[in-house]
Amino acid sequence: MDLILKIWRQKNKEAKGELKTYEVKGVSPDSSFLEMLDVLNDDLVNKGDEPVAFDHDCREGICGMCSLYINGEAHGPDRAITTCQLHMRKFKDGDTIYIEPWRAAAFPVVKDLVVDRSAFDRIMAAGGFVSVNTSGNTQDANALPIPKDDADKAFDAATCIGCGACVASCKNASAMLFVSAKVSQLALLPQGRVEAERRAIHMVEQMDHEGFGNCTNTGACEVECPKGISLENIARLNREYLSAAIKAE
Amino acid sequence: MSTHEGMTSIVRKFLMALSGFFLLIFLLQHCAINFLSVISPDMFNSVSHFMGTNPLIQFAMQPILAFGVFFHIIMGVILNKMNDAARPIKYAMNKPAENSSWMSRNMVITGIMILLFLGLHFYDFWIPELNVKYIQGDMSGLLDPTFAESGLRYHEELVHKFHNPIRTSIYILAFVFLSLHLLHGFQSAFQSAGFRHSKYTPMIKKLGNLYGIIVPAGFVFIAIYHFING
């Protein structure tokens, strides 16, 4: 496959970026999107040009590192995948592909296609945890009976890999799906209830402080989420937050 | 329910939903009363006179409604401004239609169109009503306040407005925008209030679609009916 790539190039955080056009030839339809970018970068390095910076790590869909807004959609034109799971057979020979970084005030571009997603880390640090006794006498989690439905919902929420596709896809750059998944995975379990109120309040405050937008329930996040995190979690976060805020002193 | 930085995003959305619920109820009763003008002019006159002169409705419900409308508009503007700021650099290539409905993405556009319509609607009905009742001091509701047998004026005024084809067309267009606004707004309000359930949410979505089509269609029908029969 021969392709024309329009890629966002930006030297650093302060620099003004622009879309640059590249041609890449002989791409295998069976290669992944990231492998196609590797081919491009090999080409650029061989020519003595600066390779395109992009995030990647596990390349098996679980680390949440690879981002990329491809042809107008987070992780490209496929559902329930990360960019490393996107294959070139989804495109046609001769296609022009736009590759842009996540766009959000809370996710500033570091270089080219790499964005700073540490806002998510700070939201997690604000309350996305359970405080446990690490004395060595930790209670076996299985000692607490948990309804199967709750356990399943908590597990579904916990599959969020924090990639930021929800923010990237949302017209308001809202982080509600991410925060709601992180609140839900703990709020649904008895171990998480102890700090549930404080968690909801602190994580939402931090989310707003980071400059993410307000959720307007378009549902774009749910559609583009590689792990299929449901909007049900956002409704749960709304309930968790509102009841906590009413009770808060 | 606020923080050191002011109201949080969830509270803003919750208040938007609450004002939305209130406006949904108001709209339904407005449509039902207007429908009386089609089935019984006398009943429409009686109900309109009651609504227009009852102190509880005039001095308690009307200010609450005005506040609800005003709050919904102002909060909508604030949310839109904040959301724009959350993405200062837009995508060069974006395909939002792949993951969300036009209605859900354009609530501010449909909202502005409804607001513009409200300007005309107030000019047509509300301002003249305030003028007659509270400036001229005529609380009789009669076509001719000096002649008790002249009958109530409300049906006559309503029908008169829809003689004009341009005005009727503008009203119909506004109801289309109202429908688009409601098709997302109804179910969105439940989600913002935290109400979501595997059994009830599909019903709420269906009910929202019915409401979003039937209520504006009712207003359209009333406008066309009076244009044709007026």
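The values are calculated or read from the model by the stated rules, or taken from the named source; none is laboratory data. What you see is a predicted model; the values in this text were computed from it and never measured. A quick note on method: Cβ atoms are made from the backbone with ideal geometry, for glycine too, and the neighbour counts reach across all protein chains shown. Accessible surface is based on the protein model in full, side chains and every heavy atom, while ligands, DNA and RNA are left aside. Shrake-Rupley method; radii C 1.70, N 1.55, O 1.52, S 1.80 Å.
Quick notes
- Taken per residue, the accessible surface of segment A:3-111 reaches 46 Å², heavy atoms only and a 1.4 Å probe.
- To put it simply, the accessible area of the protein assembly as shown at a 1.4 Å probe is 62 percent carbon and sulfur.
- Remark: segment B:29-159 carries 57 Å² of accessible area per residue (probe radius 1.4 Å; ligands, DNA and RNA excluded).
- C-alpha center-to-center spacing [segment A:67-130, segment B:117-163] in angstrom: 59 Å
- Cut-off 11 Å between beta-carbons: net charge of the residues surrounding B:Arg196, Lys and Arg +1, Asp and Glu -1: +3
- Charge context of B:Gly230, other residues only, Cβ under 13 angstrom, K/R +1, D/E -1: 0
- Rolling a 1.4 angstrom probe over the protein heavy atoms with all chains in place gives segment A:133-223 an accessible area of 42 Å² per residue.
- Between B and A, buried accessible area from a 1.4 angstrom probe totals roughly 3500 Å², ignoring ligands, DNA and RNA.
- The helix-only estimate of mean residue ellipticity at 222 nm for chain A, built from DSSP H runs of length n ≥ 4 each weighted as -39500 (n - 2.57), is -11000 deg cm²/dmol after division by the residue total.
- The listed residues B:Lys133, A:Lys47, once ranked by accessible area (1.4 Å probe) with the largest placed first, stand as A:Lys47, B:Lys133.
- GNM result for chain A, Cα springs below 10 Å: residue of A:Asp140, A:Asp121, A:Asp42 fluctuating most strongly: A:Asp140
- The Cβ shell under 13 Å around B:Gly151 holds other residues with a net charge of -4, Lys and Arg each +1, Asp and Glu each -1.
- Figure note: B:Phe44, B:Phe35 ranked by solvent-accessible area, largest first, 1.4 Å probe, ligands and nucleic acids not counted: B:Phe35, B:Phe44.
- For segment A:169-176, 3J(HN,Hα) per residue [Karplus equation, 6.51 cos²θ - 1.76 cosθ + 1.60, θ = phi - 60°, Hz, x = Gly/Pro]: 7, 5, 5, 9, 6, 8, 9, 4
- Couplings for segment B:184-199, taken from phi via the Karplus curve 6.51 cos²θ - 1.76 cosθ + 1.60 with θ = phi - 60°, read 9, x, 4, 6, 5, 4, 5, 4, 5, 7, x, 8, 8, 8, 4, 8 Hz in order; Gly and Pro are left as x.
- For the residue pairs A:Lys148/A:Lys171; B:Lys13/B:Lys133; A:Lys148/B:Lys95; A:Lys11/B:Lys95; A:Lys11/B:Lys13; B:Lys133/B:Lys205, the alpha carbons lie more than 31 Å apart in A:Lys148/A:Lys171; B:Lys13/B:Lys133; A:Lys148/B:Lys95; A:Lys11/B:Lys13; B:Lys133/B:Lys205.
- Per-residue surface analysis assigns A:Glu18 an accessible area of about 100 Å², computed on protein heavy atoms at 1.4 Å probe radius.
- Nearest 10 degrees, 0 to 90: helix B:107-121 Cα axis against chain B principal axis: 10 degrees
- Where B:Arg196, A:Arg103 fall by accessible area, highest first, once all protein chains stay in place (1.4 Å): B:Arg196, A:Arg103
- Using a Gaussian network model of chain B in which every pair of alpha carbons under 10 angstrom is joined by a spring, one finds that among B:Ser46, B:Ser150, B:Ser104 the greatest mean-square fluctuation is at B:Ser150.
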